[in-house]
Amino acid sequence: TIIYSSDKYATTPSVIASKRMLKAAGVEFYKYEESGREIKMTL
């Protein structure tokens, strides 16, 4: 599964071809949708 944050170039031939190949290979992909939650970490 691929989760992407931006589909800025969705209409370009290379992205269309890439998505077609991913679908043919059975790879799922979708756009990330923000939930508004935050993660804070101290290292």
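The values are calculated or read from the model by the stated rules, or taken from the named source; none is laboratory data. It should be emphasised that the depicted structure is a prediction, and the values quoted were computed from it without experimental measurement. A quick note on method: Cβ atoms are made from the backbone with ideal geometry, for glycine too, and the neighbour counts reach across all protein chains shown.
Remarks
- Taken over region 28-43, the criterion of being among the basic types (Lys, Arg) and surrounded by 10 or more Cβ atoms within 10 Å (Cβ to Cβ) is satisfied by Lys31 alone.
- Between Ala25, Ala10, Ala17, the distinction of being exposed (fewer than 10 other Cβ atoms within 10 Å of the Cβ), among the hydrophobic types (A, V, I, L, M, F, W, C) and on the phi < 0 side of the Ramachandran plot belongs to Ala25 only.
- First in region 1-30 and free of Cβ contacts under 8 Å to residues at least 12 places away in the same chain, second anywhere and surrounded by 10 or more Cβ atoms within 10 Å (Cβ to Cβ) and not in a loop (DSSP other than H, G, I, E, B), Cβ under 7 Å, 6 or more apart: Tyr9/Val15
- Selection from region 7-36 of residues that are part of a loop (DSSP other than H, G, I, E, B), out of contact with any strand residue (DSSP E or B) (no Cβ under 8 Å at 6 or more places or on another chain) and of a type outside the set (A, V, I, L, M, F, W, C): Lys8, Tyr9, Thr11, Thr12, Gly26, Glu33, Glu34, Ser35, Gly36
- Residue that is at pLDDT below 95, outside any helix (DSSP H, G or I) and β-branched (Val, Ile, Thr), where the choices are Ile39, Ile3: Ile39
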